[in-house]
Every structure is written in C-alpha cells, then in structure tokens.
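Working notes for the structure below.
The values are calculated or read from the model by the stated rules, or taken from the named source; none is laboratory data. Predicted model only: the values in this text are computed from it and were never measured. Neighbour counts run over all protein chains shown; Cβ positions are idealised from the backbone, glycine included.
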Amino acid sequence: MKNIIKIASAFMGIIIGAGFASGQEILQYFTSFGMKGTIGAFLSILLFGYLGMVLTKLGSRLQTDSHKEVIYKISGRYLGVLIDSILVFILFGIGIVMISGSGSIFNQQFGLPSFVGIIIMTILILITILSDVDRVVKVIAMITPFLILGVVVLFIHSMVTMEYSFFELDSIANEQSSATNHWLSSIINYVSLAIAMGASMTLVMGGDEPKEKIASIGGLAGGIGVGILIVLHHLAIFAQVDKVGHLDMPSLGLANQISPLFGVLYSIILFGMIFNSAVSMFFSFGTRFFTPKTKKYNWFVVISVLVAFAASFFGFKQLVSFFYPLFGYLGMILIVVLVIASIRMKPLKDKTD
C-alpha cells in the first residue's frame, strides 16, 4: 500500500505543476466549453486513470531508467525517433511556459512588472540545475499536497459563494478563449498533452517498482486523482468565471476572493509548483543530450534557459494558447502507441513471485 500511495502521489505531482496549477489551462481546455466542459472533465478521470496505469505498468515491466528505452521498445526504431523528438521538444516548450507563468504571478498578485518574476525564476532555475537538483526538487515537491488542499478549498469557497447557476454562467464561459474548437477534441488534446509532459518521469518511476501490479495500481490511482482534481478545479473556476475568466491566473483570482493572505500563500505555492516543473523540464531536456554536471551539459543548460527566458516574454496566456494545443496534438502519437502497446501486452507474473 505504501508503494501504491508513493507512485500515485508522484504521478499527481508530475501532472499538476505544469498541467493545471495556474487555472489558465483548465479555463481554456474545460471551462471555456461550459457545461460540455464539465462532461469532459469527468471523462478525464477515466482517461488519466487508464493511461497512468499503462505508463507505470510499462515502466515496471521493462525496468527502465530512461523513457527512450521504452519508447523504442513499443514503437520501433523510426517511430521511436519521432516520439523521442516530440517529448524532447515538449520538455523545452513547457519550460518556456513555466518561466512566463512566474511573471504572471508577480504581476497579478503583487502588481509588479512581469519581467521581475521572469528574471527571478530564470536565476533560480540556473542556480538549481547547476548545483543540487534532486535536493531542491524533493523539497519543492512537498508543496504538492498543499496545492491539492488549496484546490479543494477553492472549490468549496466557489460553490458556496457563486451568485449564478451553472446554466446562467454557461454563456459567459463560452466567451472565454478555448484551446481547440470542440469540447471533445479539447479533452483528448489536454490528456495527450499532460501524458506527454509526464511520460518520461512516469516511465522511470514505474521502472523503480519491481512488482508490476503495484506499479499499475499506483498509476491508476494517481490518474484518477488527477482527474478528480481537474473536475474540482474546473467547477471552482466555472462557478466564478464571470469574475476570474479574464485573468492570466484564474486560480490566484479565486484565492484572493477568499482573503488577501490566502492569495499570497497560494501564490507562493503556485510559484513553487511552477519552479519545480521548470527545473524538471530543463534538467530532463539537458540530460537527454549531455551527462549532468559536465562542462558541455552546463553550457547547454545555460544557453537553453536563456533562450527560454527570451521566449517567455510573449506572455503566459498567449504561450499556453500556442504551445499546449500543439503539444497535445503531437502527444496524440504517443497516446496511440501506448494504447496499442497496452492491448498487445500479455499478462505477466510478478517479478518477485
């Protein structure tokens, strides 16, 4: 049971930071479709549960310490090159979005220019990656339970204080910018995006668990947990969409409705989750090409982060609108391969039996 909880919570932490912590992602992928988006949010529970189980099961069966090994194993040499390239591209792109998101936090919460948050985040990323990544990431990862608690608090407060019914808010929700043109394609796009973002770390995490059944249940539980949080987050934003729909960080807007103090606390948690995701993305991006802590690796990471720093000034909302749907479509290739692999996988007795 301990290992199941460990895998489930780790999977949730991987997805939450870059997947929906700010609320902008939930707004564009779910809330902008109103009532239909609610259906999509509930469907995500099933999709995340299934795909989380497949990823951890594959990792455990192959006992992998790299996503590359699994990808090439289940998709072949040529398609493997394509999927591997897509995952690397997504790592860098999400890193850009995370840096930009830090600017939105400082601007929306403290009224400071976005570049202040962007510069601080960039410096912290470089210091962390060029020093002791594991220690810092583990500390920041401890923030995940507080973010989960925060989402639950936002949901309860939004439900209690909502002034209009969901049917009345439906038209306002539909006026918001959407990631795609249809609610069904939006949910598929979002799930493939999130799975592609977390595939590398989830496969390796599954590889650390020798018991395939334990890994599978952990991935299933984590995926269901992610889906439930998406439902709660969506309903929280939907209930107050007339007040927070225009914000870069709708979740932060909801937090400030509760109290200024809670808004500050939530902004700190949000910054920590974004920082954790950014470090993970750039670290994985760098290690894909060079051995960590070597001179070539250090220079590559510095240049990559500085390029991302420059690109982050396009704006958080704009970057989410551009990168996330693109990554979602690219990630669908991985989803198809994972589904086929899960169908072809034969039952296997536990390695420890």
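Looking only at region 292-307, count every residue that is without any contact (Cβ under 8 Å) to a residue 24 or more places away in the chain and aliphatic (A, V, I, L, M) and tell me the total. Residues meeting the conditions: 2. Within region 87-108, is there a residue that is surrounded by fewer than 19 Cβ atoms within 10 Å (Cβ to Cβ), of a type in the set (Phe, Trp, Tyr) and under 28 Å from Ile217 (Cβ atoms)? No, because not a single residue in region 87-108 is surrounded by fewer than 19 Cβ atoms within 10 Å (Cβ to Cβ), of a type in the set (Phe, Trp, Tyr) and under 28 Å from Ile217 (Cβ atoms). If you go through region 237-246 one residue at a time, do you hit one that is out of contact with any His (no Cβ under 9 Å at 6 or more places or on another chain), without any contact (Cβ under 8 Å) to a residue 12 or more places away in the chain and charged (D, E, K, R)? No, region 237-246 contains no residue that is out of contact with any His (no Cβ under 9 Å at 6 or more places or on another chain), without any contact (Cβ under 8 Å) to a residue 12 or more places away in the chain and charged (D, E, K, R).
Only one of the listed residues (Phe289, Phe313, Phe300) is more than 16 Å from Val97 (Cβ to Cβ) and at pLDDT 90 or above. That residue is Phe300.
If you go through region 285-321 and keep only what is closer than 22 Å to Ile71 by Cβ and outside any helix (DSSP H, G or I), you end up with Arg288, Phe289, Phe290, Thr291, Pro292. Please verify whether region 60-72 includes one or more residues that are among the aliphatic types (A, V, I, L, M) and at pLDDT 85 or above. The answer is no; no qualifying residue exists. Take the conditions (1) at pLDDT 90 or above; (2) in a loop (DSSP other than H, G, I, E, B); (3) under 20 Å from the mean Cα position of the chain (by Cα); Asn181 misses just one of them, which is (3). Sub-7 Å Cβ pairs linking a first residue in region 162-184 that is in contact (Cβ under 8 Å) with a residue 40 or more places away in the chain to a second residue that is surrounded by 13 or more Cβ atoms within 10 Å (Cβ to Cβ) and not in a helix (DSSP H, G or I), at least 6 apart or interchain, are Met162/Gln240; Ile172/Gly245; Gln176/Gly245, ordered by first then second residue.
Looking across Leu154, Leu130, one residue alone is surrounded by 14 or more Cβ atoms within 10 Å (Cβ to Cβ), modelled with pLDDT under 90, out of contact with any His (no Cβ under 6 Å at 6 or more places or on another chain) and of a type outside the set (D, E, K, R). It is Leu130.
Taking region 14-58 as the range and being modelled with pLDDT under 85, over 18 Å from Ile228 (Cβ atoms) and part of a helix (DSSP H, G or I) as the test, only Ala18 passes. Listed by first and then second residue, the pairs linking a residue in region 308-332 that is within 20 Å of Ile123 (Cβ to Cβ) to a residue that is crowded, with 16+ Cβ neighbours inside 10 Å and of a type in the set (D, E, K, R), with Cβ atoms under 7 Å apart and 6 or more places separating them unless they lie on different chains, are Phe316/Asp248.
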